[in-house]
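K.L.:
Structure provided below as structure tokens; questions to follow.
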Amino acid sequence: MKNSRIFKRVMSAVLAAGMVFSMTACGGGGKTELNSGEFQEVDKAELAFPLKEETTLTGMISYPPSTESNPNNRTIFKRLQEKTNVKIEWNAIQSDQWGDKISLAMADVDTLSDFVFTAGFSDSDLLKYADQGVIIPLEEYIDAYMPNLSAVFEKYPEYKAMCTDSEGHIWALPWIEQLGSDKTAIQTVDNMSFINKKWLDFLKLDMPTTVEEFEKVLIAFRDNASKLQAEFNIDGSIIPMSCIVNDGGQDPSILINGFGEGYGDADKGRHIAVTDDKKVICSATQEGFKKGIEWLHSLYAENLIDPEAFTQEWSTYVSKGKSHRYGVCFSWDVANVDNLEDYVPLPALTADTRNITPQNGSFTSGFDRGRCVVTAVAKNPALVCAWLDQMYDPFQSPQNNWGTYGEDDDFDIFELGKNENGGDMLKHAPLGDASPVEVREAEAVGGPLAVLDEYYGVYVTCPDDAQYRLDWIKDYYTPDMNTKYVYPNVFMSREDTEELSNLQADITKTINAKKSDWIMNGFTDADWDQYLKDLDAYGLKDMLDIFQKYLDAYFENVAE
């Protein structure tokens, strides 16, 4: 392993030199020199904050539209500069332009900063930039100069494993947000289903528990539309069930978990699930998927599903929801679509079985492997890493993630209070009519951080909108999560990542297209057989083999 590391770093240095030469030769006049990626040891005393003399580093960061464009005007960074005596010269890019501009910046060493704070890089990006020598490996810097992040890795070694590539390198600093764990984690159910309890009560209907009962409820909503409109002063037609097919949290696939063996289709991007004997399967080729889609078509044929469910944009979906026209809808939080008072989560529906398949990767809660990178431009990577480690301080991470306290404006996410032991604690403040999203965007800075479950009640209170969702999952869904495993958040090689991307291009497109078509128009056994043949021809077995290889390696590492 050590020889492999040395070889990779030597190659990085060669590639980096080649990049500089190339850019100079092309007339760019670039003279930026990149370091080789070799670990640069410094005296830890030189990294004690606040530094004796003000030092300047450079960083790149994104910011939401219509918010403060100068990061150094944000209270969080003002306090960090005072605490560390490190000044950051930021290259700030509006978030809706980030994708294009960060790609251009990473391709030109003369526009690179010491670090990229809100990189959000994919695995493929990380490995590409690593091979080019544009970013440096961080594992030795983490061990030596990042005690806050090291403490997180020590307590939760799975996060370190998820950050480490197949050669033992860590190329980026993660974003970690724990809100629950295992089958109670807030990410276990994305496309939560909500039913209009006010309509149920008015029509004297019981909460449905089976697919047959659910269908009868939707029919009652449809057939009593005029009564519902009159009783609740609804402007617009009644829609028994609305959704956005193939659109993340708005997709209705949670309804079909009970068909067949109960896998459903919780991973709406990759369409995979893990069996109890640790085998990766395609959820969209199972008998339960077939039967579930047939059932959804029967609902559509009875005019129980919004005819715009296949084409509507989010704004249209929300507009109809805010007009209180939905009997059933799907979202991360029904407050995004209508309101909390009228709706309750719809429990798992029994068909052939009763099950909720958690989302893949959800047992380790919120995680972004490519959140922040240190580039080969950095002259003092140890200092860069030591400064970035401040983001993992238990009192700092919640502020970076959600917002801060004591600002000179009309609202704050937090009030500064005390925990039961007398220590400083961030308490979520009442926002009144202010939008939580808007306040967070105005105050938070994102970037690398870790908010752990054990921080709640000690360093920070749990957000109200997270707590009620955690309660929903624990009360409505966790009891019916019967499968043992989810597919973990693994770090694949660049070659496998690229091969997987190529395979999934046709496979995912085919699955999503057929899903929409079949819910709308129905299908025959011959159509299903041809669909399976098409997926085989597109390399479904090869795709599953790649997933299986990394699943096996993950469980071997866990066992060790």
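K.L.:
Only one of these conditions is not met by residue 181: (1) buried (at least 23 other Cβ atoms within 10 Å of the Cβ); (2) over 22 Å from residue 290 (Cβ atoms); (3) of a type in the set (Ser, Thr, Tyr); (4) in contact with a Ser or Thr (Cβ under 8 Å, 6 or more places away or on another chain). Which number is it?
P.N.:
(1)
K.L.:
Here's another thing I want to ask about it. When the residues of segment 467-506 are narrowed to those that are among the hydrophobic types (A, V, I, L, M, F, W, C), open to solvent by less than 20 Å² (accessible area, probe 1.4 Å) and touching a residue at least 60 places away in the same chain (Cβ under 8 Å), which ends up nearest to residue 361 (Cα to Cα)?
P.N.:
So in segment 467-506, the residues among the hydrophobic types (A, V, I, L, M, F, W, C) come out as 470, 472-473, 481, 486, 490-492, 500, 503, 505.
This time we only want the ones that are open to solvent by less than 20 Å² (accessible area, probe 1.4 Å), so: 473, 481, 486, 491-492, 500.
Going one step further and asking which of them are touching a residue at least 60 places away in the same chain (Cβ under 8 Å), we end up with 473, 481, 486, 491-492.
On the way: 473: 16, 481: 15, 486: 6, 491: 12, 492: 14 Å.
Here the residue is 486.
K.L.:
Considering only segment 101-214, give the helices (runs of 4 or more DSSP H) lying wholly within it that have at least 3 residues that are touching a Cys at 6+ places or on another chain (Cβ under 8 Å). Walk me through it before giving the result.
P.N.:
Details: elements: 123-131, 139-145, 147-155, 157-163, 197-202.
The qualifying helices (runs of 4 or more DSSP H) are 139-145.
K.L.:
If you don't mind, another one. Report the residue count in segment 101-113 for those that are touching a strand residue (DSSP E or B) at 6+ places or on another chain (Cβ under 9 Å) and either open to solvent by less than 40 Å² (accessible area, probe 1.4 Å) or acidic (Asp, Glu) (or both).
P.N.:
Of the residues in segment 101-113, the ones touching a strand residue (DSSP E or B) at 6+ places or on another chain (Cβ under 9 Å) are 101-102, 105-106, 109, 111-113.
Applying the additional criterion that residues be either open to solvent by less than 40 Å² (accessible area, probe 1.4 Å) or acidic (Asp, Glu) (or both) yields 102, 105-106, 109, 112-113.
Of the residues in that region, 6 qualify.
K.L.:
Which residue, of 174, 208, 157, is at pLDDT 95 or above, over 21 Å from residue 304 (Cα atoms) and not β-branched (Val, Ile, Thr)?
P.N.:
Numbers: 208 fails: over 21 Å from residue 304 (Cα atoms); 157 fails: at pLDDT 95 or above.
So the residue among 174, 208, 157 that is at pLDDT 95 or above, over 21 Å from residue 304 (Cα atoms) and not β-branched (Val, Ile, Thr) is 174.
K.L.:
Return the residue satisfying two criteria in turn: it lies in segment 266-275 and is within 11 Å of residue 512 (Cα to Cα) and modelled with pLDDT of 95 or more, and of such residues it is least open to solvent (accessible area, probe 1.4 Å). Show your work before the answer.
P.N.:
Of segment 266-275, the ones within 11 Å of residue 512 (Cα to Cα) are 268-271.
So of that shortlist, the ones also modelled with pLDDT of 95 or more come out as 270-271.
Details: 270: 72, 271: 1 Å².
So the residue we want is 271.
K.L.:
Same structure again: On the basis of being open to solvent by 20 Å² or more (accessible area, probe 1.4 Å) and within 22 Å of the chain's Cα centre (by Cα), does residue 451 make the cut? Steps first, please.
P.N.:
Numbers: open to solvent by 20 Å² or more (accessible area, probe 1.4 Å): no; within 22 Å of the chain's Cα centre (by Cα): yes.
So residue 451 fails the test.
K.L.:
Ok, one more. Consider residue 315 against the criteria (1) modelled with pLDDT under 95; (2) in contact with a helix residue (DSSP H, G or I) (Cβ under 7 Å, 6 or more places away or on another chain): it satisfies all of them except one. Which criterion is unmet?
P.N.:
Of (1) modelled with pLDDT under 95; (2) in contact with a helix residue (DSSP H, G or I) (Cβ under 7 Å, 6 or more places away or on another chain), only one is false for residue 315: (2).
K.L.:
Out of the residues in segment 319-373 that are in contact with a Phe, Trp or Tyr (Cβ under 6 Å, 6 or more places away or on another chain) and of a type in the set (A, V, I, L, M), state the one that is most open to solvent (accessible area, probe 1.4 Å). Step through it out loud before you land on a result.
P.N.:
Of the residues in segment 319-373, the ones in contact with a Phe, Trp or Tyr (Cβ under 6 Å, 6 or more places away or on another chain) are 327, 329, 334, 343, 345, 347, 349, 351-352, 356-357, 360, 368, 370-372.
Those left that are additionally of a type in the set (A, V, I, L, M): 334, 349, 351, 356.
On the way: 334: 0, 349: 10, 351: 32, 356: 4 Å².
Step by step, filter segment 319-373, then rank; the result is 351.
K.L.:
Also: I'm trying to understand the selection: among the residues of segment 415-438, which are closer than 13 Å to residue 463 by Cα, surrounded by 11 or more Cβ atoms within 10 Å (Cβ to Cβ) and out of contact with any helix residue (DSSP H, G or I) (no Cβ under 7 Å at 6 or more places or on another chain)?
P.N.:
415, 427, 429, 437
K.L.:
Any residue in segment 193-220 that's among the small types (Gly, Ala, Ser): show its pairings with residues that are in a helix (DSSP H, G or I) and open to solvent by less than 40 Å² (accessible area, probe 1.4 Å) at Cβ separation under 6 Å, as long as the two are six or more apart or on different chains.
P.N.:
193/254
K.L.:
Sticking with this one: Any residue at all in segment 355-364 that's farther than 28 Å from residue 170 by Cβ, in contact (Cβ under 8 Å) with a residue 60 or more places away in the chain and touching a Lys or Arg at 6+ places or on another chain (Cβ under 6 Å)?
P.N.:
Taking segment 355-364 and keeping what is farther than 28 Å from residue 170 by Cβ, we get 355-357.
Those still in the list that are in contact (Cβ under 8 Å) with a residue 60 or more places away in the chain too: 355-357.
Imposing the further condition that a residue be touching a Lys or Arg at 6+ places or on another chain (Cβ under 6 Å) reduces the set to none.
No, segment 355-364 has no match at all.
K.L.:
Out of (1) in a helix (DSSP H, G or I); (2) at pLDDT below 95, what's the single condition that is false for residue 511?
P.N.:
Condition not satisfied by residue 511: (2).
K.L.:
Here is a follow-up. Would you point out the residue of segment 37-79, among those that are surrounded by 18 or more Cβ atoms within 10 Å (Cβ to Cβ) and assigned to a loop (DSSP other than H, G, I, E, B), that is farthest from the chain's Cα centre (by Cα)? Quick ask: steps written out before the conclusion?
P.N.:
Just the residues of segment 37-79 that are surrounded by 18 or more Cβ atoms within 10 Å (Cβ to Cβ), to begin with: 37, 47, 57, 59-63, 71, 74-77.
The next check asks that each one be assigned to a loop (DSSP other than H, G, I, E, B); those that pass are 37, 74.
On the way: 37: 29, 74: 25 Å.
That would be 37.
K.L.:
Moving to a separate point now. Run residue 373 past the list (1) over 23 Å from the mean Cα position of the chain (by Cα); (2) closer than 30 Å to residue 172 by Cα and report the number of the one that doesn't hold.
P.N.:
It fails just one condition, (1).
The values are calculated or read from the model by the stated rules, or taken from the named source; none is laboratory data. None of these values were measured; they are calculated from a predicted model. Don't worry about glycine lacking a Cβ; one is built from the backbone with ideal geometry, like all the others, and counts go over all protein chains shown. These accessible areas exclude ligands, DNA and RNA; they are computed on the full protein's heavy atoms, side chains included. Shrake-Rupley method; radii C 1.70, N 1.55, O 1.52, S 1.80 Å.
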